Every structure is written in C-alpha cells, then in structure tokens.
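The structure appears right after this line, and notes come after that.
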Amino acid sequence: MDTQVFTKLNTIFKEQFNTTPTDAFFSPGRINLIGEHTDYNGGHVFPAAITIGTYGVGAARSDKLVRLYSTNFTETGIIEFDIDDTTKLPHGNWANFVKGDLIALRGYGNKFEHGFDLVIEGNIPSASGLSSSSSLELMIGVVAQRLFNLKVPRLQLVASGKQAENEYIGVNTGIMDQFAIGFGEANQAIYLDTNTMVYEMVPVELGDYVVVIMNTNKPRNLVDSKYNERVKETQEAVYCLQKELKINTLGELTSAEFAAAQHLITNPTVLKRARHAVTENERTQAAVKYLTAGNLVEFGKLLNASHQSLKDDYAVSGVELDTLAETAQQQPGVLGARMTGAGFGGCAIALVPREQVANFEANVGQVYTDKIGYAPSFYVAEIGDGAHWVGAIEEVLA
Ligand code: GAF
C-alpha cells in the first residue's frame with residue numbers, strides 16, 4: 001500500500017518538478033480516545049496516531065526556493081516561495097501550515113540554508129477532525145530534520161507545529177494533536193498530562209473490540225472561531241477562581257475542589273465550560289486506569305459520559321455528532337461512543353465488538369442518513385506510528 005502511494009508520488013514529483021525526489025516520509029492523523037478540550041486547560045489527554053495520514057516525497061534544493069504540490073489540492077498547482085519569506089498566503093491555503101511551521105522551527109534557532117521540493121498526498125478525509133493540519137505540520141518537521149539535517153528533539157517539532165497553529169494560523173489549540181502525531185507508536189495510546197508534559201505510552205488492548213471511527217461528513221464551518229471562544233471561556237473561569245484559589249489551569253482541580261469554589265463563577269455559560277474541563281480531566285484519568293486493568297465496560301461508560309459533557313456543558317457537539325454517538329451507544333454490544341477532536345462536525349468513535357462491525361455500520365448509517373439527509377462514513381481505526389522518515393526513495397520503491 002505504502003509502496004503504491006510512494007510510486008505514484010514519485011511519478012508526480014518528476015512530472016511537476018522535472019527532477020527526482022530523494023526521500024519518502026509519512027505523518028499520521030490522530031484520534032483521541034478521551035480527554036477532549038482539556039489540553040489547553042492543563043488537563044490529561046489520551047490520543048493515538050492512526051495509520052491514515054499524509055505521505056510525502058521530497059528533495060533538498062541548492063537555491064532557497066520551496067516548491068510544494070499536493071494531490072489533494074491540485075487546483076492550487078505548485079506553490080512556490082523563498083524559504084525566508086514569511087508573508088501569509090491567502091486564508092485557507094494549505095501551504096500556510098508549511099510556512100507557519102518553518103517560521104516556528106527557525107524561531108528555535110534552526111538555520112535553513114537552502115529550500116526543498118515536496119509532493120504530498122493525504123488520505124485523511126478532509127474536514128474530518130482527524131487532524132490533517134497537524135499531520136502536515138509534523139510532516140514538515142520530519143522533512144526538515146532529514147533534508148536540513150536538523151538535530152532537533154522531537155518535542156521541538158511538536159511545539160513548532162502548535163506554534164504554527166497558534167501564531168500563524170490563529171487557532172489557540174493545545175498540544176494534543178501534534179504530540180500524538182509526533183510521539184505516536186503502533187498499538188499504543190499516549191497518556192499525556194498537558195500541565196507537566198509528562199507522558200506514558202499505554203498499550204491499547206481491546207480483545208474482541210475495535211474502535212470504529214464515524215465521520216459525520218458535515219462541512220465544518222466556524223470551527224476556529226468557536227474553538228477560540230471556548231479557550232476564552234475557560235480562561236475566564238480560571239480568572240474567577242483565582243480570586244480564592246492559587247491555580248493556573250482548570251486541570252489542577254478535582255471536581256470536589258471545583259464544586260466548593262464554583263460560586264466564584266457567576267456567568268452560567270462559563271461555569272458549564274469549566275465543569276466540563278474539570279470533569280473530563282477526571283474521566284480521562286479514570287479511563288486510563290480502566291483500560292490498563294482491562295475493564296472495557298467501565299472505560300466505555302466514561303466515553304459515553306464524555307460525550308454527554310461535551311454536548312451539554314461544552315456545547316461543541318451538534319445534531320450530526322449526537323446522532324452518531326447516541327445511536328452508536330444503543331447498538332448491540334457497543335461499550336461506548338463519543339465525539340473525538342474539536343467537534344462541531346468531524347468524527348465520533350465507538351467501541352464495537354469486532355464481529356458486529358458490519359451490522360453496526362448498517363444500523364448507525366441508516367439512522368443517521370434518515371435524520372441528517374446524507375450518509376456518514378466508517379473506518380476501523382488502526383493505531384500506527386508517529387511522523388517519520390520512511391527511507392531513501394530508491395529503497396522505498398525497491
Ligand atoms: C483540536 C485541537 F487542535 C486540540 O489541541 C484539542 O484541543 C482538540 O481540538 C479538542 O480536544 O483538535
């Protein structure tokens with residue numbers, strides 16, 4: 001499969017750039033098992049890299065040009081700029097993620113003495129909330145490592161991706177997506193405390209169950225502005241609580257501590273947002289314990305509770321995600337289901353008995369199509385490795 005994609009990209013590279021690539025790269029997408037909208041609140045997250053993602057073939061240049069081509073956005077053709085040029089491309093241009101990432105990497109003192117050519121192709125469904133943007137950012141990180149021979153720690157690639165998102169694109173995301181894509185390993189999820197940045201790899205052993213990804217296929221609008229609104233609301237909650245508590249983030253509070261101090265938050269909307277951040281952090285810690293102990297039933301219940309909280313308190317769900325998650329929760333043998341990622345469309349996940357997957361997809365698909373007017377898509381999630389250099393092109397194609 002990979003060889004096929006790289007063979008195709010190798011041909012396109014030659015057609016578009018009239019030269020040959022030297023190296024092949026892959027950067028995955030991610031799902032988040034639980035711990036949603038906690039990463040910019042100093043809480044815990046539990047994401048995993050998946051086997052779908054962004055493929056790339058590239059080569060260093062001797063001049064300072066960067067030339068980019070994506071088979072997913074053929075209408076933009078080749079995008080070309082000087083590697084030192086920081087001017088933003090028009091809003092929505094995919095290459096802004098590349099530029100933003102290069103700027104962030106340079107900010108860490110990395111020197112780019114020359115440019116590069118890169119052809120990419122992603123198989124993450126567009127606007128699915130499986131983090132195609134972080135996948136691209138980390139792709140640029142591993143391309144830079146290889147083609148500029150940068151000896152940078154992986155965490156710097158991760159931080160650069162987040163910085164590109166926050167400072168260049170203008171969405172105040174946390175670090176979960178880039179971290180999952182930077183540090184992912186096959187069959188393991190990452191239990192990360194975003195307050196301390198201490199993390200642990202946790203084997204995802206699901207026995208007779210699989211994680212099914214359910215895509216709403218809803219065109220996503222306003223995600224960025226709504227996302228930034230949630231960031232502000234939870235920051236406001238922290239300011240209110242700081243009148244009496246010595247905290248910097250909501251992730252520092254247990255739900256009992258929060259309950260005792262919640263009178264300090266007078267705005268009912270802000271109160272609900274904060275309650276989600278605090279309770280979701282606790283659910284995440286408990287969920288990891290249950291998964292590690294092999295208690296999938298309790299793990300699944302926490303997935304359901306997470307969805308409820310994201311719907312009622314955090315208001316980042318919507319009729320499409322609710323229909324998928326709530327219909328999934330009622331299917332035979334299903335242990336739990338919830339939206340995954342930022343929300344407002346995108347994907348949900350469900351813990352489904354392997355032998356029930358076909359029935360599950362048929363039933364949930366039918367209910368969703370009847371209610372929403374178009375069909376969802378389903379994929380069985382496979383947890384894969386983080387962003388990496390795949391190899392020298394001639395070896396990859398051999
Ligand atoms: C998006 C963001 F990029 C993440 O940082 C995280 O906040 C997530 O939404 C919600 O949990 O994917």
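What follows is calculated from the coordinates using simple rules that are stated; it is not laboratory data. Quick caveat: nothing in here was measured; it's all calculated off a predicted structure. No Cβ is skipped: glycine too gets one built from the backbone with ideal geometry, and neighbour counts run over all protein chains shown.
Between helix 296-312 and the chain, what is the angle of the helix's C-alpha long axis to the longest principal axis, kept within 0 to 90° and rounded to the nearest 10?
90 degrees
Helix 268-292 sits at what angle to the longest principal axis of the chain, using alpha carbons and giving 0 to 90 degrees rounded to 10?
Approximately 80 degrees, to the nearest 10.
Among Asn267, Asn72, Asn18, determine the one that fluctuates most according to a GNM of the chain built with springs between C-alpha atoms less than 10 Å apart.
Top of the fluctuation ranking is Asn18.
Compute the Cα gyration tensor for segment 250-336, then decide on rounded, prolate or oblate, letting a ≥ b ≥ c be the square roots of its eigenvalues: rounded whenever a/c is under 1.5, prolate when a/b is larger than b/c in the other cases, and oblate in all that remain.
oblate
Farthest toward the dipole's positive end in the chain, which of Leu302, Ser134, Thr87, given Cβ charges of +1 (Lys, Arg) and -1 (Asp, Glu) about the Cα centre?
About the Cα centre, the residue reaching furthest to the positive side is Thr87.
What whole-number distance in Å separates the alpha-carbon centres of segment 266-282 and segment 188-210?
Here the answer is 24 Å between Cα centres.
Which three lengths, in whole Å and largest first, does segment 266-316 cover when its Cα atoms are put on their principal axes?
Taking max minus min along each principal axis of the Cα atoms, segment 266-316 gives 40, 15, 12 Å.
Per the Kirkwood treatment, what hydrodynamic radius in Å, one decimal, follows for segment 1-140 from the mean inverse distance over all distinct Cα pairs?
After inverting the pairwise mean of 1/r, the radius is 16.1 Å.
Relative to the Cα centre, what is the charge dipole magnitude of segment 254-316, using +1 at the beta carbon of each Lys and Arg, -1 at the beta carbon of each Asp and Glu, and rounding to the nearest 20 debye?
Dipole magnitude for segment 254-316 comes out near 100 debye.
For Thr51, which sequence-distant residues (separation of 5 or more, or a different chain) have an amide H within less than 5 Å of its own amide H, given hydrogens modelled in the peptide plane?
Placed amide hydrogens put Glu382, Gly384 under 5 Å from Thr51.
What do you get for the angle between helix 319-329 and the principal long axis of the chain? Use alpha-carbon atoms, 0 to 90 degrees, nearest ten.
70 degrees
Could you give the size of the charge dipole of the chain about its Cα centre, using +1 on the Cβ of each K and R and -1 on the Cβ of each D and E, expressed in debye and rounded to the nearest 20?
With only Lys, Arg, Asp and Glu charged at Cβ, the dipole is about 520 debye.
Could you let me know the centre-to-centre spacing of segment 234-250 and segment 321-398, using Cα atoms, in angstrom?
Rounded to whole Å, the Cα centres lie 36 Å apart.
Give the Debye-formula value of log10 I(q)/I(0) at each listed q (0.07, 0.08 Å⁻¹), with one equal scatterer per alpha carbon of the chain, two decimals each.
Cα-only, vacuum Debye calculation for the chain: -0.32, -0.42.
List the lysines whose alpha-carbon lies under 19 Å from that of Lys272, not counting same-chain residues fewer than 8 positions away?
Excluding near neighbours in sequence, the set is Lys226, Lys232, Lys243, Lys311.
Which listed residue (Gly346, Ala398, Val319) has the Cα farthest towards the positive end of the charge dipole for segment 319-398, taking +1 on Lys and Arg C-beta and -1 on Asp and Glu C-beta about the Cα centre?
Looking along the dipole axis, the top candidate is Val319.
Whole percent per 10 Å bin, from 0 to the bin with the longest distance: what is P(r) over all C-alpha pairs of segment 296-367?
23, 54, 23, 1
Lysine pairs, Cα distance under 26 Å, 8 or more residues apart or cross-chain: how many in segment 5-158?
Lysine pair count for segment 5-158: 12.
Which of Gly294, Gly341, Gly129 moves most in a GNM of the chain, Cα contacts under 10 Å?
With Cα springs under 10 Å in the chain, the top fluctuation among Gly294, Gly341, Gly129 is at Gly294.
If you take the charge dipole of the chain about its Cα centre, with +1 on Lys and Arg Cβ and -1 on Asp and Glu Cβ, which of Phe6, Thr173, Pro47 is farthest toward its positive end?
The listed residue farthest towards the positive side: Thr173.
Would you calculate a helix-derived [θ] at 222 nm for the chain, using -39,500 (n - 2.57) for each DSSP H run of n ≥ 4 and dividing by the full residue count, to the nearest 500?
Numbers: 12 runs with 163 residues, N = 398.
Value at 222 nm, helices only: -13000 deg cm²/dmol.
Among 199-205, 135-141, 387-393, 345-351, how do they line up from the highest to the lowest mean number of other beta-carbon atoms within 10 Å?
135-141, 345-351, 387-393, 199-205
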